[in-house]
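Notes for the one structure printed next.
The values are calculated or read from the model by the stated rules, or taken from the named source; none is laboratory data. On a predicted model such as this, the values are computed, not experimentally measured, just so you know. Methodologically, a virtual Cβ is constructed for each residue, glycine included, from the backbone with ideal geometry; neighbour enumeration extends over all protein chains shown. Each accessible area value is taken on the protein alone, full model and side chains, heavy atoms only, with ligands, DNA and RNA left out. Shrake-Rupley method; radii C 1.70, N 1.55, O 1.52, S 1.80 Å.
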Amino acid sequence: MKIDRPHPKIGAIANDVDVRTLSDADWKSLYDAWLDSVVLVVRGQTLTIDDFLAYSRRFGRLKPHRVKKTRHADYPELTVMGLGTRKPDGKVDKTIYDRGGGWHTDSPWDTEICKGTQLYALAIPSIGGDTLFASMYEAYDALPDTLKKRIEGLKAEHAYGGRGRRGNELLDPEDRQRPPAVHPVVRTHEETGRKSLYANPYHILRFQGLAETESEALIDELAGHMTSTPAQYRHKWQVGDIVLWDNRCALHSATGSYPIDEKRIHWRTTIMQDPAEAQRAA
Ligand code: OGA
Ligand code: MN
């Protein structure tokens, strides 16, 4: 197994490894590379659904995604991304085509912390469809001290799709009005102990305790810092890639811009942080 780090702050790329037969020692090397690099790419895999779920489970408990209609019918813990980009009438289904677009972290609308998201590429278009990642450790570290002071102790409310409830149509009607989840804006990573910014511009509703105009202005100000960090990695997909990112300390964004009639299909798992794990790390 070979692990390359093209950027010092973000992104580790593993080659010459088969995750179906990974030893515990090699798995630990991948896990440590992931914690250090925020995004872990493993290239060149050939997996069945069972293989992908088994590998995903090595990282933690899997949780079925709140969006029920893109879950695999027989494997609720597996979401299939990119199927149905055209509706039966031939029109583009933007909720599918644009899914994952716009800087965000996954599942901040859940009260439980989502540790990682893992995608496995089954079909990739000839052009476009890259995914961007940004380190929220680096974004936090680079904040001016005055801003760090201002956001200390602040909490934010998040809901699926944020203020515009964008993509809400993907949810079943009974899931559309769930109460927001509240998380600290500056969070300390349970495993690395590093501080990061957690206020993703997409799913955030408001900062608690601030007037609406102040909250809106702070969302914009922080979004500027979060998305302009130079600690970014752009993943250009190949079929057989597995990409795992750390939702506790990264934003990501699908860039779209691929030919609508070419396929871009991924299997996806959501990996949760068990409370016991968080406590062990503390
Ligand atoms: C996701 C997501 C990005 C992409 O699966 O949560 O944002 O490029 N995906 O598909
Ligand atoms: Mn996402």
**Fill in**
Whole-percent tail of the Cα-Cα distance distribution for region 211-282, cut at 21 Å, equals 54 percent
**Complete:** Taking Cα pairs closer than 8 Å and at least 6 residues apart, the relative contact order of the chain in percent is 33 percent
**Prompt:** Which listed residue (S23, Y120, A73) has the Cα farthest towards the positive end of the charge dipole for the chain, taking +1 on Lys and Arg C-beta and -1 on Asp and Glu C-beta about the Cα centre?
**Reply:** A73
**Asked** Want the number for D175 to K195: 0.36 nm per residue separation, take away the alpha-carbon distance, what's left?
**Response** 4.0 nm
**Request:** With a 1.4 Å probe and every protein chain kept in, tell me what percent of the accessible surface of region 2-281 is carbon plus sulfur.
**Result:** 51 percent
**Request:** Set Lys and Arg Cβ to +1 and Asp and Glu Cβ to -1, take the dipole of the chain about its Cα centre, and tell me which of M272, L205, H7 lies farthest positive.
**Result:** L205
**Request:** Between the alpha-carbon centers of region 1-39 and region 159-230, tell me the distance in whole angstrom.
**Result:** 29 Å
**Prompt:** Shape call for region 138-259 from the C-alpha gyration tensor, a ≥ b ≥ c root eigenvalues: rounded (a/c under 1.5), prolate (a/b greater than b/c) or oblate?
**Reply:** oblate
**Message:** Using a 7 Å offset from the Cα along the Cα-to-Cβ direction at both L210 and D4, what is the distance between the two label points in nm, to one decimal?
**Reply:** 4.1 nm
**Request:** Report the full-extension gain for the segment D98 to A276: residue separation times 0.36 nm, less the Cα-Cα distance, to one decimal in nm.
**Result:** 60.5 nm
**Message:** What is the ratio of the Cα radius of gyration of the chain to 2.2 N^0.38 Å, with N the residue count, to two decimals?
**Reply:** 0.98
**Item:** Unit charges at the beta carbon, dipole of the chain: most positive-side option, L244, N168, L47
**Value:** N168
**Size-normalised alpha-carbon gyration radius of region 97-175, reference 2.2 N^0.38 Å** = 1.40
**Asked** Taking only DSSP H segments of four or more residues, each worth -39500 (n - 2.57), what value at 222 nm results for the chain once the sum is divided by all its residues, to the nearest 500 deg cm²/dmol?
**Response** -6500 deg cm²/dmol
**Request:** Let me know the shape class of region 1-149, please: from the alpha-carbon gyration tensor, a ≥ b ≥ c as square roots of the eigenvalues, rounded when a/c is under 1.5, otherwise prolate if a/b is greater than b/c, or oblate.
**Result:** oblate
**Message:** Give me, ordered by chain and number, the residues 5 or more places off V39 or on other chains with an amide H under 5 Å from its own placed amide H.
**Reply:** G11, A12
**Complete:** Checking rank on 152-160, 34-42, with mean other Cβ inside 10 Å and highest first, the result is 34-42, 152-160
**Request:** Let me know the charge dipole size of region 1-133 about its Cα centre in debye, to the nearest 20, where only the beta-carbon of Lys, Arg (+1) and Asp, Glu (-1) is charged.
**Result:** 440 debye
**Asked** So how strong a dipole does region 2-281 carry about its Cα centre when Lys and Arg Cβ are +1 and Asp and Glu Cβ are -1, to the nearest 20 debye?
**Response** 300 debye
**Prompt:** By average Cβ neighbour count within 10 Å, what is the ranking of 222-230, 130-138 from highest down?
**Reply:** 130-138, 222-230
**Prompt:** Distance from the Cα centre of region 231-282 to that of region 81-125, in angstrom?
**Reply:** 10 Å
**Message:** Using a probe radius of 1.4 Å on heavy atoms only, what accessible surface per residue do you get for region 90-249? Whole Å² is fine.
**Reply:** 42 Å²
